[in-house]
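Report on one structure; see the data block that follows.
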Amino acid sequence: MFEKIAVIGAGTMGHGIAEIVALKGYVVFMCDVSEEILQGAIKKIEWSLRKMVEKGKLSHDDLTSALNRIKTTTNLAEAVKDSELIIEAVPENLELKKEIFSKLDKMTCAETILGTNTSSLPISEIASVTSKPDKVVGIHFFNPPVLMPLVEIVCGDKTSSQTVDRVLTFVKTLDKQAIVCRKDVPGFVVNRILEALIQEAAWIVYRGEASILEVDSAVKYRAKLPMGLFELSDYVGIDVLYSAGKAIQDRDKGVIISPLFEECYKNGWYGKKSGKGFYTYTGDFWEKPKIPPELADKVRLEEIFAPAVNAAAWLLRNKVVEKEELDKAVMLGLNFPEGILQMADKWGIDVIVQVLRSKQSRYGEYYRPDPLLEEMVANNRLGIKTRGGFYEYA
């Protein structure tokens with residue numbers, strides 16, 4: 001498929017991407033600004049591979065071969081020379097990414113695909129500094145890349161179908177599953193839904209409608225999500241989610257940041273990595289918040305999830321993603337037990353619309369039900385109870 005791949009950035013995402021690429025037989029050049037960072041990344045990769053050997057998932061020979069396929073350099077030109085695919089994985093800073101892509105454009109041939117691992121920044125704007133925007137594409141791996149099965153492929157305004165097809169084929173060789181976000185919308189697919197969900201949870205607490213523990217207990221024990229939403233925020237990093245939410249809010253008001261997130265972000269309460277977020281941590285890596293199951297009935301799930309269903313409807317109506325891929329995205333990218341459209345069909349589309357209208361009357365136009373949901377209610381496509389909603393039912 002590709003003879004040589006370059007990964008720019010050796011942080012959490014960069015070294016994870018380099019590891020899975022090398023494991024599947026590709027030669028990968030990993031580039032960062034210092035030897036110290038690169039050697040630290042190699043140690044983390046080696047630790048991860050050894051864990052696979054201990055669990056019987058990898059042989060010692062495979063470990064050695066994978067490590068031998070990873071080359072490191074602080075020289076960007078050396079890293080990208082003759083590379084057919086480049087995956088940039090530097091911090092989520094638009095100006096930094098544009099600076100790097102401007103350099104990559106001058107260092108690579110016309111056929112080289114330039115991928116960015118951004119989770120929320122506009123692909124089209126990154127591509128605008130290059131002479132080949134048709135070859136620029138979002139290749140969004142999820143953290144940790146070695147374990148998470150989903151890759152979100154994101155089209156910029158000028159990304160060619162040939163580029164998307166080549167990246168889709170590449171992702172399959174990594175034994176990952178891909179969805180295609182066909183329009184360069186803020187938040188793409190997964191983060192647009194996640195931010196709507198997490199921010200609404202924070203708004204519910206801020207307004208005094210429920211407590212953090214009540215919300216987390218409801219989603220964990222009744223919706224069967226693997227983590228509570230505030231627990232998840234602390235795990236991912238409140239700073240990461242705040243930045244992604246701001247990127248969406250600033251571009252099209254697809255989400256409104258809660259004052260709870262503002263407060264945590266401004267105080268440096270980022271979650272587990274800072275010892276404090278929505279919960280407080282003692283430093284034990286395996287520590288989890290104690291979320292009592294008996295609080296699970298204190299808040300309606302529809303109150304928490306309605307804005308996320310609204311965001312999903314917006315994505316479908318604007319032809320950003322197919323419904324099957326949307327549900328696959330939340331199951332594989334967010335570990336939902338079922339797709340959010342399937343969940344909405346179970347609750348009832350009319351119930352979701354009622355919740356949104358109630359919130360709209362109290363809190364403003366952000367909660368206005370998407371026209372797709374209104375149309376479904378008008379056509380009596382309410383979900384399982386009418387045998388047809390987002391999906392058909394026998």
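With a Förster radius of 22 Å applied to the C-beta separation of residue 363 and residue 93, the computed FRET efficiency comes to 0.10. Taking the Cα centre of region 303-351 as the origin and placing charges on Cβ (Lys, Arg +1; Asp, Glu -1), which of 310, 351, 335 is farthest toward the positive end of the dipole? Selected residue: 310. Of the peptides 283-291, 191-199, the order by per-residue mean of other Cβ atoms within 10 Å, starting with the highest, comes out as 191-199, 283-291. Accessible area per residue for region 246-361 is 47 Å², calculated with a 1.4 Å probe on protein heavy atoms, without ligands, DNA or RNA.
How do 296-303, 105-112, 132-139 rank on mean C-beta neighbours within 10 Å, highest first?
Details: 296-303: 16.9, 105-112: 14.4, 132-139: 23.6.
Top of the packing list down: 132-139, 296-303, 105-112.
On a per residue basis, region 49-186 carries 44 Å² of accessible surface, using protein heavy atoms and a 1.4 Å probe.
Give me the number: length gained by fully extending residue 354 to residue 324, i.e. 0.36 nm times residue separation minus the C-alpha to C-alpha distance, one decimal in nm.
Working: separation 30, 0.36 × 30 = 10.80 nm, distance 2.50 nm.
Result for the pair: 8.3 nm of gain on full extension.
Here region 209-240 and region 85-113 have alpha carbon centers that stand 36 Å from each other. Length, then width, then depth: along the principal axes, the Cα atoms of region 174-228 run 41, 25, 13 Å.
For region 138-166, backbone nitrogen atoms closer than 19 Å to the point 7 Å from residue 125 Cα along Cα-to-C-beta are found at 138-140, 154-159.
Compared with the direct C-alpha span, the chain from residue 251 to residue 211 gains 11.4 nm at full extension, assuming 0.36 nm per residue. Antiparallel beta bridges, as assigned by DSSP with both residues in the chain, represent about 25 percent of the total such bridges. Cross-link reach is defined here as a Cα-Cα straight distance under 20 Å, omitting same-chain residues fewer than 8 places apart; for residue 135 the lysines meeting it are 4, 81, 97, 98, 103, 106, 158, 172, 183. Based on Cα contacts under 8 Å between residues 6+ apart, the chain shows a relative contact order of 12 percent. Working from Cα pairs under 8 Å separated by at least six residues, relative contact order for region 221-329 is 23 percent. Evaluated with a Cβ-only charge set (Lys, Arg +1; Asp, Glu -1), the chain carries a dipole of roughly 340 debye about its Cα centre, given to the nearest 20.
Over 22 Å, how big is the tail of the calculated P(r) for region 166-258, in percent of all Cα pairs? Percent of Cα pairs beyond 22 Å in region 166-258: 40.
More than 16 angstrom separation, counting every C-alpha pair in region 1-64; what % is that? Numbers along the way, then the final one.
On the way: 897 of 2016 pairs.
For region 1-64, the fraction of Cα-Cα distances above 16 Å is 44 percent.
Could you grab the Rg to Rh ratio for the chain? Cα atoms only, Kirkwood for Rh.
For the chain, the value is 0.98.
Over the Cα atoms of region 83-221, the radius of gyration divided by the Kirkwood radius equals 1.07; this is the Rg/Rh ratio.
Summarise the accessible area of the chain (1.4 Å probe, protein heavy atoms) by the percent that is carbon and sulfur. Write down the numbers at each step before the final one.
Details: 8770 of 17190 Å².
On the chain, the fraction of accessible area on carbon and sulfur atoms equals 51 percent.
Here the gap between residue 51 and residue 65, fully extended at 0.36 nm per residue and compared with their Cα-Cα distance, gives a gain of 3.5 nm.
The values are calculated or read from the model by the stated rules, or taken from the named source; none is laboratory data. Remember, predicted model here, so these are calculated numbers, not experimental data. Cβ sites come from the backbone with ideal geometry, for glycine too, and all protein chains shown count toward neighbours. The accessibility values were calculated without ligands, DNA or RNA, using every heavy atom of the protein model including side chains. Shrake-Rupley method; radii C 1.70, N 1.55, O 1.52, S 1.80 Å.
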